[in-house]
Amino acid sequence: MNKPQFSFEFFPTKTDEGITKLYQTFDTLNEMAPSYFSVTYGAGGTTRERTLGIVAALKSRANTPIAPHISCIGDDKSQIAELLDFYKSIGIDRMVALRGDLPSGQVGMGELPFAVDLVRFIREHSGDHFQIEVAAYPEMHPQAKSFDSDIQNLVNKFEAGANSAITQFFYNAESYLYLRDALEKRGVDTDKHRLVAGIMPITNSTNLIRFADSCGADIPRFIRKQLADYGDDRKAIREFGFEVVHRLCEVLISEGVPALHFYTMNRVEPNKRLVESLGLTSANTQA
């Protein structure tokens, strides 16, 4: 059985101490030879400068590809074109293209209101220079009209020029498999347009539930109940969380998932432990 590739995601921190810790985490995880690292981008570009700085620093630190997030909501084409040109100038050739969220108090969606518009614009402006990842939602985007329309939106992003998609995190493997099957039924070649599984390790029940509720991800009842039973026992939560996520990854690997993308929360563990215990390090190659 072929082992899937794996990659890691970081978010830009607000403090010098956080930046130092992020670089240390990067160095440790980079020793595992991931296929790339992604760096998130705040609502309406609110972390723009920090994201750009971190992307440039990580790019100069190692040869591993860095994939910055880029969002379109609230920005005009000239701003996005400037960003694309900057990334190209420092050797970035991969990115995660998202609609993004409007920052509080901002009105208007901008010239490119949806991710499909952003993907199309990137192709018009930069040709095939960038490998473009987009977002996918195994349990439906919270603002989608229906699951069918959400799947069609993903198909549209592939047709506009996206290479592959990274899913929102999930804990029910069936939701990923259903989405993959639904794409194939609509004519999407999932060998060419890969559906990468987004993996969120479980280390803190409060944060996990808050993230899930804000993005529409489902936490199965047995997980919620067990987390509640553990209360403030952080060690028990971490061990239970590791078992749940490890089992999820095993099922996905057995079903031929092409890649796993770990939402690290800027931490080494349990991401390193998961990758090692799944035996991924010896099999990873750059996408």
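Modelled this way, with points 7 Å down the Cα-to-C-beta line, the labels at residue 191 and residue 277 are 3.3 nm from one another. Going out from 0 in 10 Å bins, what whole percent of all Cα-Cα distances in the stretch 5-278 drops into each bin? It works out to 6, 29, 37, 23, 4, 0, in whole percents. The calculated FRET efficiency for residue 31 paired with residue 210, based on their beta-carbon distance and R0 = 30 Å, is about 0.45.
Could you work out the percent of alpha carbon pairs in the stretch 153-229 separated by over 18 Å, rounded to a whole number? Counting every Cα pair in the stretch 153-229, those more than 18 Å apart make up 47 percent.
Ignoring any ligand, DNA or RNA, what whole percent of the accessible area of the chain comes from carbon and sulfur when the probe is 1.4 angstrom?
Working: 6090 of 13270 Å².
The computed percentage sits at 46.
Solvent-accessible area per residue for the stretch 5-278 at a 1.4 Å probe radius, Å²? That works out to 45 Å² for each residue. Restricting to DSSP loop positions (anything but H, G, I, E, B) with no more than 15 other Cβ atoms inside 10 Å of their own Cβ, which GluC sites (Glu not before Pro) remain in the stretch 233-264? Those satisfying the criteria are 255.
Within the chain, the longest segment free of exposed loop sites, counting trypsin sites (Lys or Arg not before Pro) that fall outside DSSP classes H, G, I, E and B and have at most 13 other Cβ atoms within 10 Å, spans 15-144. Backbone amide hydrogens, once placed in the peptide plane, bring residue 266 within less than 5 Å of 11, excluding anything fewer than 5 places away on its chain.
Using Cα-Cα distances under 8 Å and only pairs 6 or more residues apart, what relative contact order does the stretch 5-278 have, in percent? Display every interim value, and only then the final one.
Working: 442 pairs, mean separation 51.9, N = 274.
Dividing the mean separation by the residue count of the stretch 5-278 yields 19 percent.
Between beta-carbons, use under 11 Å as the cut-off and find the net charge around residue 182, counting Lys and Arg +1, Asp and Glu -1.
Values: positive: 180, 185, 186; negative: 148, 150, 181, 184.
Computed value for this residue: -1.
Here the Gaussian network model covers the chain, with springs between Cα atoms less than 10 Å apart; of 117, 233, 75, 233 fluctuates the most.
The values are calculated or read from the model by the stated rules, or taken from the named source; none is laboratory data. Computed from a prediction, not measured in an experiment: that's the story for all the values here. Neighbour counts are summed over all protein chains in view; Cβ atoms, including those assigned to glycine, are modelled from backbone coordinates with ideal geometry. These accessible areas exclude ligands, DNA and RNA; they are computed on the full protein's heavy atoms, side chains included. Shrake-Rupley method; radii C 1.70, N 1.55, O 1.52, S 1.80 Å.
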